[in-house]
Every structure is written in C-alpha cells, then in structure tokens.
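Bear in mind these aren't lab numbers, they're just calculated from the coordinates by the rules spelled out. Remember, it's a predicted structure, so these values are computed and weren't measured experimentally. Positions of Cβ are backbone-derived with ideal geometry, glycine not excepted, and every protein chain shown enters the neighbour counts.
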Amino acid sequence: MNPFSRIKIRTGALVFCGDDVALIRRDRADSTHYTPPGGNVEDGEDLDAALARELAEELGLDTALAQGGELLWVVDQRVTRPGPTPPPRKLHMIYRFRISPEVRATLAEQELDELPDGSHEVGVIEWIDYRRTAELPIFPPIGPALATLADPRATVANAALDAVTDANYTWV
C-alpha cells in the first residue's frame, strides 16, 4: 500500500469562550504540542455525530449547549511519519463553537488519550487567547490563521488552509 493511498477524516473544533480557545496540550519526552479537541471519524459515522462524540469524550461538552458548529477550515495532511504503517492522507475538518463561561466551568481540565498498549497519555486542556496562537506548536498548524481572525466570530474568505506536507512540516 502506497503512502497517502488511504484517506482518513478527522473532525476537530475550536471551542471559544470569549477570546479564549480550548486546545489540548500534550507533553512528550522530546516535545510539547497542542491540538484542537477532536478525532478520527469512524467508518460510516456522520461528521456531526463524530464531532459531537469527540467533544463529549475530550471536553465533556454537549454540543447542544454551544452556539455555532459551522465548518471553519479544511486542512489536507500528507505527512510521512514514523512507524511501519504507510501514512494515510488525512483531511482535518475544523469547526467552530462558542460557549458561555457557565458551560466552560463544567468542562474537563484534562483528556486521556488511550494508547495501543491500553495505557493513557494525558492531555491538559488549556484556554488560550486565540490571538496568541501564531507561534504555538499546534497540529494541524492552524495557529497563524487562528491568530489573525478579526474576532472569534469572524467569517473566513477561504476555508482551505495550506496543505501540510513533508515540505513544510516535520513530524514530532
């Protein structure tokens, strides 16, 4: 099987509370990176259902308590990565929600990501002013686009962000 001959779809969300956006920080031995909450769409799963499931699993968020839910950006990922399995091409569908401080107060502060051996990697949920995300190690690399939004409700002219490839990204 050739690299990128399979396509996976990942839903993710930028959940705003005022000017703060929820990102999951993962600390590893040799790196720290952030991701928007979300995950892979399972076979036959509806995109909205996948997004609602992932936000419930990772943040404890019931999307019925949030405003928005519109698709903000799509990122096409074709990055070689370590391991024996040829990497899939991955389409990241990034949605946007807004929540109240009251809903934010009920959300999780950490996320447990199950690893293949059954153990868990702990992710810390951080609320960061979206305007300060340009230099953060976020994957997919949406920080610069996020930081330049006029405000958390701003419309975007083009939903397609630059593709992530081996030419512009190094897997960490």
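Each residue, Arg81 and Ala49, gets one label point 7 Å from its Cα in the Cβ direction; the gap between the two is 2.5 nm.
Charge dipole of the chain (Cα centre as origin; +1 on each Lys and Arg Cβ, -1 on each Asp and Glu Cβ, all else neutral): 600 debye, rounded to the nearest 20. Residues whose amide H comes within less than 5 Å of that of Leu72, counting only those at least five positions distant or on another chain, are Ile94, Tyr95, Arg96 (H built at 1.01 Å from N in the peptide plane). Note on the chain: helix-only mean residue ellipticity at 222 nm, from DSSP H runs of 4+ residues weighted -39500 (n - 2.57) and normalised by residue number, equals -3500 deg cm²/dmol.
Need one word for the chain: rounded, prolate or oblate. Basis is the Cα gyration tensor (sqrt eigenvalues a ≥ b ≥ c); a/c below 1.5 gives rounded, then a/b vs b/c decides. It comes out rounded by the Cα gyration axes.
Spin-label pair Asp27-Ala154: with each label point 7 Å from Cα along the Cα-Cβ axis, the two points sit 3.2 nm from one another. Across region 129-172, the residues whose backbone nitrogen lies under 20 Å from the label position 7 Å along the beta-carbon direction of Ser5 are 166.
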